[in-house]
Every structure is written in structure tokens, then in C-alpha cells.
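Read the figures in this text as sums done on the coordinates, not as results from a lab. Worth saying up front: this structure is predicted, and the values here are computed from it rather than measured. Cβ placement follows ideal geometry from the backbone for every residue including glycine, while neighbour counts extend to all protein chains displayed.
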Amino acid sequence: MTLAEEGKEKAAGEELEIVEDLGKDVVEVLAMDKVADTPAISETIRQAVEKRETRLFHDLVYALCQLDLPEKLAQQRWEEILKHKYLMSEKMGRNVGIHVAALDYFQNITKELKYVTMMDVYRYHQTQQDAVTDWLTGIYLKNHFYNILEKEITRAQRLDDRLSVFFFDIDHFKIYNDTHGHLAGDALLKEFVEVVSASIRHYDIIARYGGEEFVILFPSTNKPTAAKISNQIRQLVEDYPFPGEMVLPAHVLTISGGLAEFPVDGADVQTLLAAADKALYRSKQEGRNRVTVC
């Protein structure tokens, strides 16, 4: 082997190491499974893409499924995987990660993966976690929250206890998204959840209901206590310096919410959440940035 050939082989080996080391971040950001929400991650992605000017899609597909495809074919496969991921996500009602979508695509659509003997342990646990948690914020999804609330209601019935639910959303979030863009909106949602999560008790449960809507379960908590905590959260959000919030009508980020208590406002999951949602609607009608108690 000549020195030139050895140099090429070494360079290819180094690039493959980068794919293996940084493949998860690179692949998930480019597939919009993950936000490049720090300068360090953004720079890592930029450098990784720049180094792969003529073999980006080859390396992306290789990092996903260890399939060695020509660049042009790999680009076609990558675009088809993204479409497949979107369709799977729509059918399942939750984000299906790029790793799962690629595995299903190559095994069941193109048949290019004929034998799958194992799945990476990380990806296996991540797939399980994706079923119950929001990919962006890391908190529970609506369906899993329903299950938790149902169990808590059963427990409260058995012990003759109380619980409260706080249903809330971010005021004028569409204005923020339209002004700053969806990536900035995602980054805001992530920071928002971190702020709110840090303010609740360790046994309270927060979940993303959908979009900019959220719900918190306060176990063994009556309405007066839950109202106090909810208003503390509302005030904390109003006082926190979120980036870009000056574009909002009040020039600060605010929330509106509705509070309901089991069993006085609802004896099951559906009626309790409906009561809290109705109270949230009243908060919106009465001027926003407030908590309405049933």
C-alpha cells in the first residue's frame, strides 16, 4: 500500500469514528428528532456535515443501520426514511424516532436489512421511553398522563382523598412562533418546561398535553393549596426572562390556566379534565395571565 493510500484509509477511518461518536446527535438533529439548542451542539453538527461534503448521506445511513450505500442512493433512502418517519408518527400519534423509522423502512419496505438479530440497548430503551415521554421537553405525554391520573383517582377514591389538576397553556405562543420561527419556539418550550418543572413539588406530575398546552397533577391536594401553587407558577413564568418574549402583546411570557379538584369537579379522568379545560377557557376570556378555579 502506498503512502497516499494509507493516508486515504486513515482519513476514512477517522471519519467513520466521528460518525460512530457523533452519529446519534448528527442523525437526530438532521431528522428533527432533537434540537441543536446549544452553540456546542450546533458547531458539532456544522463541522460533521462540512467534513462529509461528498458522503454525508452515506454516513448518515451507515450510522443508522450500518448499510454501505453509494451517496446518491443513500440520499434517496434518507429522504424516503424521513417520509416514512412522518407517516409512522401520524399513525401512532407520537414522534417515532429516526432509528426506529429507519429500521422499519429497511427491514419491511426495501428489505435491505434481511436479518436483524439485535437492537442497540440504548435505542431499545429509548423506543420504550418515546412511548410515554415528549421528545422535546422530556416530560410525559398526554396518553401516559391519562393512565397516571386514572390510577391516582382510584387511589383517592379508596382513601377518600383529594387531588387537583391544573390545565394551562402559553398565551399568544403562535405570535412567538411566527416571529422567531419554530426552532426558537421549540427551544422556548424546552426552557419553559425546565422552569415550571423546577417549581413544582417532587411528587407532582407535569405532562405536555399538546403543542403549548400542559397539565399538572397535584396528588392529595385540595383546590386552595393547588390554586396557591398554580398562581406561584403563573407568577414565576411572568417574571422569568425568556428570550425573545418582547414580541408578545404583554412583552413578557405568560400563561393562562384552569384548576379542578377531584371529586367535586369531576369523578373521572374525562370530566375532571373537561372541568379544568373549561376554567382555562374562562381565563382566556377574562384577559389571560390568570388562574381560574372551578
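A compact table of results
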{"item": "Among the listed pairs Lys174/Lys278; Lys85/Lys190; Lys85/Lys111; Lys72/Lys111; Lys142/Lys223; Lys34/Lys228, those beyond 24 Å (Cα-Cα)", "result": "Lys34/Lys228"}
{"item": "Charge dipole of the chain about the Cα centre (unit charges at C-beta), most positive-ward option of Val269, Ile148, Thr44", "result": "Val269"}
{"item": "Given (1) 19.3, 56; (2) 20.2, 68; (3) 23.3, 82, the label whose value is Rg and Dmax of the Cα atoms in Å derived from this model", "result": "(3)"}
{"item": "Tilt relative to the chain, helix 182-199 - C-alpha long axis, 0 to 90 degrees, to 10", "result": "50 degrees"}
{"item": "Cα-projected label distance for Glu286 with Gln47, points at 7 Å along beta-carbon direction, nm", "result": "5.4 nm"}
{"item": "The chain, helix-only ellipticity at 222 nm - DSSP H runs n ≥ 4, -39,500 (n - 2.57), divided by all residues, nearest 500", "result": "-19000 deg cm²/dmol"}
{"item": "Net charge dipole size for the chain [Lys, Arg +1 and Asp, Glu -1 on Cβ; Debye, nearest 20]", "result": "1080 debye"}
{"item": "Charge dipole (debye, nearest 20) of segment 189-294; +1 at Cβ of Lys and Arg, -1 at Cβ of Asp and Glu", "result": "200 debye"}
{"item": "Environment charge of Ser199, counting only residues whose C-beta is closer than 14 Å and scoring Lys/Arg +1, Asp/Glu -1", "result": "-2"}
{"item": "Mean Cβ neighbour count within 10 Å, used as a protection proxy, ranking 239-251, 82-94, 276-288 highest first", "result": "276-288, 82-94, 239-251"}
{"item": "In nm, spacing of pseudo-spin labels at Ile148 and Lys111 (7 Å Cα→C-beta vector)", "result": "4.5 nm"}
{"item": "By average C-beta atoms within 10 angstrom, highest first, the peptides 211-221, 66-76, 181-191", "result": "211-221, 181-191, 66-76"}
{"item": "Helix axis angle, 39-51 relative to the chain longest principal axis, alpha carbon, degrees", "result": "20 degrees"}
